[in-house]
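Novice: Before anything else, here's the structure in question.
The values are calculated or read from the model by the stated rules, or taken from the named source; none is laboratory data. Note that the structure is a prediction, hence the values are computed from the model and not measured. Every residue, glycine among them, receives a Cβ derived from its backbone with ideal geometry; neighbour counts consider all protein chains shown. The protein model used for the area step is the full one, side chains on, heavy atoms only, and it has no ligands, DNA or RNA in it. Shrake-Rupley method; radii C 1.70, N 1.55, O 1.52, S 1.80 Å.
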Amino acid sequence: MKKIIITIDGWSSCGKSTLAKQLAKKLGYVYIDSGAMYRAITLYFLRNHVDWTDSNEVTEALKNISIEFRPNEKSQQSEIFLNDENVEYVIRDLVVAEKVSDVAAIKEVRNFAVAQQQKMGESKGVVMDGRDIGTTVFPDAELKIFMTADPAKRVERRFKELYDKNPNITIEEVKANLEMRDYIDSHREISPLRKADDAIELDNTNRTEKEQYEFTIKLTKELI
Ligand code: DC
């Protein structure tokens with residue numbers, strides 16, 4: 001069977017990672033959460049008080065960052081490690097979410113992350129989700145999906161996810177964060193979020209997880 005690259009781009013909290021994980025599991029592919037890389041870099045910058053408006057400081061800081069995805073035998077999923085520390089859960093905090101779009105807009109940060117992402121896809125058999133995977137990271141990917149969903153639905157989903165970990169969080173905070181990230185991600189100068197011309201749009205506002213999976217696996221099977 002032919003191995004391909006599947007890219008899943010779209011707005012925040014559209015269900016990209018749920019779909020990407022299901023596809024990777026079914027196909028025996030590697031799932032890469034590119035957003036986790038930008039979150040891990042942001043976490044490092046926050047912890048080490050890196051002034052990310054200073055490009056020299058950013059360049060120096062990036063030299064000290066090593067990012068790896070390692071499989072977790074128990075959950076059967078890969079988790080992200082920042083300099084050998086498992087940061088899979090801490091990077092989901094609102095503290096990181098509030099700054100990640102600013103950090104992800106920095107040229108040096110994007111060059112650093114994109115180079116690693118392209119390496120991870122060298123032998124194909126990869127499902128990668130993010131914002132610029134079908135446009136910049138793998139413009140020649142065999143299958144590109146662009147996910148959208150009604151903003152109110154996205155806020156509701158994200159709120160449920162975050163509330164389980166932090167019951168003090170409010171729906172207004174989550175809404176403000178999503179709106180801010182969508183705006184910055186789609187208006188930045190380098191690799192803004194946009195649908196690649198050859199991407200297939202998947203609006204999952206009224207689709208169940210099963211329906212969105214079936215839609216995509218059908219497309220995949222036509223290609224492998
Ligand atoms: O997918 P996520 O919400 O975990 O991504 C976190 C942030 O990282 C998001 O607000 C924008 C940025 N990002 C990006 O700029 N490019 C990507 N390929 C993935 C994420």
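Novice: Can you send over the carbon and sulfur percentage of the accessible area for the chain, probe radius 1.4 Å, protein chains only?
Specialist: On the way: 5720 of 11520 Å².
For the chain, the apolar C and S fraction of the accessible surface comes to 50 percent.
Novice: Probe of 1.4 angstrom, ligands and nucleic acids ignored: what's the accessible area per residue over the range 113-224, in square angstrom?
Specialist: Working: 6100 Å² over 112 residues.
For the range 113-224, the per-residue accessible area is 54 Å².
Novice: Using +1 at the C-beta of Lys and Arg and -1 at the C-beta of Asp and Glu, which of Pro192, Leu223, Thr208 has the Cα lying farthest in the positive direction of the dipole of the range 179-224?
Specialist: Checking the options against the dipole of the range 179-224, the answer is Leu223.
Novice: If you don't mind, there's one more thing I want to ask. From Cα coordinates alone, what are the radius of gyration and Dmax values for the chain in angstrom?
Specialist: Looking at the chain, its Cα Rg and Dmax stand at 16.8, 49 Å.
Novice: Further question: Determine the equivalent ellipsoid of the range 47-149 by diagonalising the alpha-carbon gyration tensor, then write out the semi-axes as square roots of 5 times the eigenvalues, largest first, rounded to whole Å. If you can, show how the numbers build up before the last one.
Specialist: Numbers: eigenvalues 110, 71, 44 Å².
Largest first, the range 47-149 gives 23, 19, 15 Å.
Novice: Follow-up question, since we're still on this one. Which net charge results when you count Lys and Arg as +1 and Asp and Glu as -1 among the other residues whose beta-carbon is under 9 Å from that of Tyr29?
Specialist: Details: positive: Lys3, Lys25, Lys26, Lys124; negative: none.
My count for the surroundings of Tyr29 gives +4.
Novice: With +1 on each Lys and Arg Cβ and -1 on each Asp and Glu Cβ, and nothing else charged, work out how big the dipole of the range 13-87 is about its Cα centre, in Debye to the nearest 20. Could you put the intermediate results ahead of the total?
Specialist: Working: 9 positive and 10 negative charges, 123 e Å.
About 600 debye.
Novice: Leaving out ligands and nucleic acids, and using a 1.4 Å probe, what accessible area per residue does the range 1-58 come to in Å²?
Specialist: Numbers: 2450 Å² over 58 residues.
Per residue, the range 1-58 has 42 Å² of solvent-accessible surface.
Novice: Can I ask one more? For the pair Tyr163 and Lys107, how long in nm is the line joining their label points, each one 7 Å along Cα→Cβ?
Specialist: Distance between the two pseudo-spin positions: 4.4 nm.
Novice: Rounded to the nearest 20 Debye, what is the dipole magnitude of the chain about its Cα centre when Lys and Arg each give +1 and Asp and Glu each give -1 at the C-beta? Before the final figure, lay out each step's value.
Specialist: Details: 34 positive and 39 negative charges, 155 e Å.
Using only the charged Cβ atoms, the result is roughly 740 debye.
Novice: Okay, moving on. May I ask you to compute the full-extension gain from Asp84 to Ala152, defined as 0.36 nm times their residue separation minus their alpha-carbon distance, rounded to one decimal in nm? Don't skip to the answer; put the middle values down first.
Specialist: Details: separation 68, 0.36 × 68 = 24.48 nm, distance 3.71 nm.
In short, 20.8 nm is gained.
Novice: I've got another one for you. Give the aspartates and glutamates reachable from Lys175 as a straight Cα distance under 14 Å; neighbours fewer than 8 places away on the same chain don't count.
Specialist: Lys175 reaches Glu98, Asp150, Glu156, Glu161.
Novice: Counting alpha carbon pairs within less than 8 Å and at least 6 residues apart, what relative contact order, in whole percent, applies to the range 144-224? Let's see the in-between values first.
Specialist: Working: 49 pairs, mean separation 35.9, N = 81.
This gives 44 percent for the range 144-224.
Novice: Shifting gears a bit: Along the charge dipole of the range 47-91, pointing to its positive end and built from +1/-1 on Cβ of Lys, Arg, Asp and Glu, which listed residue (Trp52, Ile80, Ile65) has its Cα farthest out?
Specialist: Working it through, the farthest residue towards the positive pole turns out to be Ile80.
Novice: Report, as a whole number in µm² per second, the diffusion coefficient that Stokes-Einstein gives for the range 55-102 at 20 °C and 1.002 mPa s using the Kirkwood radius over alpha carbon pairs.
Specialist: Working: Rh = 12.4 Å.
This corresponds to a translational diffusion coefficient of 173 µm²/s.
Novice: Take the Cβ-Cβ distance between Gln76 and Asn56 as r, set R0 to 41 Å, and report the resulting FRET efficiency rounded to the nearest 0.05.
Specialist: On the way: r = 42 Å, r/R0 = 1.01.
Taking R0 as 41 Å, the efficiency between Gln76 and Asn56 is 0.50.
Novice: Name the lysines eligible as straight-distance cross-link partners of Lys26: C-alpha to C-alpha under 17 Å, and not fewer than 8 places from it in the same chain.
Specialist: Reachable lysines: Lys2, Lys3, Lys16, Lys124, Lys210, Lys218, Lys221.
Novice: Still on this structure, I have one more. What are the equivalent ellipsoid semi-axes of the range 26-71, built from the alpha-carbon gyration tensor (square roots of five times its eigenvalues), in whole angstrom, biggest first? Please report the intermediate quantities before stating the final value.
Specialist: On the way: eigenvalues 150, 17, 16 Å².
So the three semi-axes of the range 26-71 are 27, 9, 9 Å.
Novice: Å³ per residue of the Cα convex hull, for the range 122-222? Intermediate values should be presented prior to the final figure.
Specialist: Details: hull volume 13.5 nm³, N = 101.
Cα-based convex hull of the range 122-222, divided per residue, equals 134 Å³.
Novice: Report the antiparallel proportion of the DSSP beta bridges in the chain as a percent, rounded to a multiple of 5. Could the numbers behind the result be given before it?
Specialist: Details: 8 of 26 bridges.
Of those bridges, close to 30 percent are antiparallel.
Novice: Let me ask another. Quick check: pseudo-label points 7 Å beyond the Cα along Cα→Cβ at Ser123 and Glu211, how many nm apart are they?
Specialist: 3.8
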